[in-house]
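Reviewing the structure listed below.
The values are calculated or read from the model by the stated rules, or taken from the named source; none is laboratory data. Source: prediction; values computed, not measured. Here Cβ is always computed from backbone atoms with ideal geometry, including for glycine, and neighbour counts include all displayed protein chains.
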Amino acid sequence: MCFNTKHFWNNLLNVNLPGDNAHRKFSPPERLVPDQKTLSQLKPKEAAVLILLFDNNDKTPHTLLMQRVAYNGVHSKQISFPGGKKEQNDSSFSDTAIRECIEEVGAKREAIDILGRLSTLYIPPSNFLVHPFVAWYDGKPQFKGNPQEVDRLFTVSIDALNDEKNRSIKSINVRNKTIECPAFDVDNNIIWGATAMIINELLEIYRTGFNKSTS
């Protein structure tokens, strides 16, 4: 079984998702996890992000992450997947994810193949409900960040994210308060919060598929 193929990942995403069990392992302390009734009262804005997987000519695919520019908002300078708020013209959340990815990192629409979706995730600081999608990116990735939204882009392999040595508890400064938070630390890129929680769900799915394929 080849683990850097579209077919392998497409099969993984057609199973039950680990959801909150995976999210909790990388959750910031005291994070609000609302039930459906509370969520309806909060009336969150809705957004979508896109996890692009692509062949980097090694044993596992890579994915693209971006560091947002500094701005007057709760997610200033944070590392995230391409994505953003659903707009009226978007026919679906997957359309939102694709549109934002094209706008933010210059991805080519014809190269994006949506494979499936991960569990929705509520982000308390900005009152967003995020819908994560996973896509395979065909061809050679040549991304370029939109300078109005993206400070820098970088890629990371799924194997690096899956490596225990790249996980630790980090001291994160959030709105003039320091919290101790589980995070990925890959090449001095500290990935925490919602992005880390989404990544961990993807990795749990990956490990399940890998173990089944090699047993």
Residue check, residue 140 against (1) closer than 18 Å to residue 83 by Cα; (2) out of contact with any helix residue (DSSP H, G or I) (no Cβ under 8 Å at 6 or more places or on another chain); (3) free of Cβ contacts under 8 Å to residues at least 12 places away in the same chain; (4) not aliphatic (A, V, I, L, M), all met but one. Which one? (1)
Among (1) surrounded by fewer than 18 Cβ atoms within 10 Å (Cβ to Cβ); (2) within 26 Å of residue 116 (Cβ to Cβ) - the single one residue 188 does not satisfy: (2)
Tell me which residues, restricted to the stretch 121-140, are surrounded by fewer than 19 Cβ atoms within 10 Å (Cβ to Cβ), within 20 Å of residue 63 (Cα to Cα) and not basic (Lys, Arg). 138, 139
For residue 130, which of the numbered conditions (1) free of Cβ contacts under 8 Å to residues at least 24 places away in the same chain; (2) touching a helix residue (DSSP H, G or I) at 6+ places or on another chain (Cβ under 7 Å) fails to hold? (1)
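Would it be correct to say that residue 34 is crowded, with 19+ Cβ neighbours inside 10 Å, over 15 Å from the mean Cα position of the chain (by Cα), at pLDDT 80 or above and not in a helix (DSSP H, G or I)?
Numbers: crowded, with 19+ Cβ neighbours inside 10 Å: no; over 15 Å from the mean Cα position of the chain (by Cα): yes; at pLDDT 80 or above: yes; not in a helix (DSSP H, G or I): yes.
No: the conditions fail for residue 34.
Within the stretch 146-163, restricting attention to residues that are of a type in the set (D, E, K, R) and either within 11 Å of residue 189 (Cβ to Cβ) or under 16 Å from the mean Cα position of the chain (by Cα) (or both), which residue is modelled with the lowest pLDDT? Quick ask: steps written out before the conclusion?
If we filter the stretch 146-163 for residues that are of a type in the set (D, E, K, R), which is where we start, we get 149, 151-152, 159, 163.
Now drop any that are not either within 11 Å of residue 189 (Cβ to Cβ) or under 16 Å from the mean Cα position of the chain (by Cα) (or both), which leaves 152, 159.
Details: 152: 96, 159: 92.
Of everything passing the filter in the stretch 146-163, 159 is modelled with the lowest pLDDT.
Condition check ((1) buried (at least 17 other Cβ atoms within 10 Å of the Cβ); (2) not β-branched (Val, Ile, Thr)) across all residues:
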{"position": "76", "(1), (2)": "no, yes"}
{"position": "84", "(1), (2)": "yes, yes"}
{"position": "87", "(1), (2)": "no, yes"}
{"position": "93", "(1), (2)": "yes, yes"}
{"position": "96", "(1), (2)": "yes, no"}
{"position": "100", "(1), (2)": "yes, yes"}
{"position": "106", "(1), (2)": "no, yes"}
{"position": "109", "(1), (2)": "no, yes"}
{"position": "117", "(1), (2)": "yes, yes"}
Counting just the residues of the stretch 75-118 that are modelled with pLDDT of 95 or more and hydroxyl-bearing (Ser, Thr, Tyr), which one comes out farthest from residue 46 (Cα to Cα)? 80
